[in-house]
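Beneath this line is the structure, given in structure tokens, with notes to follow.
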Amino acid sequence: QVQLVESGGGLVQPGGSLRLSCAASGFTFSIYTMSWYRQAPGKERELVALISNGDGTKYADSVKGRFTISRDNAKNMVYLQMNSLKPEDTAAYYCKAALVLKSYWGQGTQVTVSS
């Protein structure tokens with residue numbers, strides 16, 4: 001059974017940091033491209049960051065230089081280190097695993113940036 005379980009969300013002040021984690025199971029994690037998406041109320045879900053099975057990375061322009069995606073294939077984990085958080089980063093953050101036509105999603109974790 002495929003599972004993606006996100007954790008690490010919460011309430012943080014502007015300028016603060018959070019580290020999101022996504023624990024994967026039920027599939028061959030190391031060959032999948034892993035990504036983080038986010039969805040704010042009333043907005044479409046958008047790609048935040050992606051890491052390929054070869055550790056290539058891609059970031060949304062809005063988070064470049066502030067967020068870092070990483071993966072640990074030995075632990076079947078993917079992480080999103082978020083620094084210098086802004087109120088506009090407030091959203092539900094989702095982990096996604098993708099391989100050609102297959103994709104799996106986690107249930108999401110809420111990040112709220114507010115003073």
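The values are calculated or read from the model by the stated rules, or taken from the named source; none is laboratory data. Note that the structure is a prediction, hence the values are computed from the model and not measured. Backbone-built Cβ (ideal geometry, glycine too); neighbour counts: all protein chains shown. Ligands, DNA and RNA are stripped out before the accessible areas are found, and what is left, the full protein with its side chains, is counted by its heavy atoms. Shrake-Rupley method; radii C 1.70, N 1.55, O 1.52, S 1.80 Å.
If R0 is 22 Å, the Cβ-Cβ spacing of residue 68 and residue 101 corresponds to a FRET efficiency of close to 0.20. Using a simple spin-label model with pseudo-atoms 7 Å out from Cα toward Cβ, residue 115 and residue 13 lie 0.9 nm apart.
Here the gap between residue 31 and residue 53, fully extended at 0.36 nm per residue and compared with their Cα-Cα distance, gives a gain of 7.4 nm. Give, to the nearest whole percent, the P(r) tail of the chain beyond 24 angstrom, counting all Cα pairs. More than 24 Å apart: 19 percent of the Cα pairs in the chain.
Carbon-plus-sulfur accessible fraction, the chain (probe radius 1.4 Å, protein heavy atoms only): 48%. Here the relative contact order of region 9-60, from alpha carbon pairs under 8 Å that lie six or more residues apart, stands at 24 percent.
In region 39-99, what trypsin sites (Lys or Arg not before Pro) fall in a loop by DSSP, with at most 13 other Cβ atoms inside 10 Å? Kindly include the intermediate steps, with their values, before the conclusion.
Working: sites: 43, 45, 58, 64, 66, 71, 75, 96; in loops: 43, 45, 64, 66, 75.
Answer by residue number: 43, 64, 75.
For the chain, averaging the sequence separation of C-alpha pairs within contact (under 8 Å, six or more residues apart) and dividing by the residue count gives a relative contact order of 36 percent. Taking Cα centre as origin and charging only the Cβ of basic (Lys, Arg, +1) and acidic (Asp, Glu, -1) residues, the dipole magnitude of the chain rounds to 80 debye. Inter-part distance, region 1-33 to region 43-90, computed on C-alpha centroids, equals 10 Å. The convex hull built on the alpha-carbon positions of region 54-102 has an orientation-averaged projected area of 4.5 nm².
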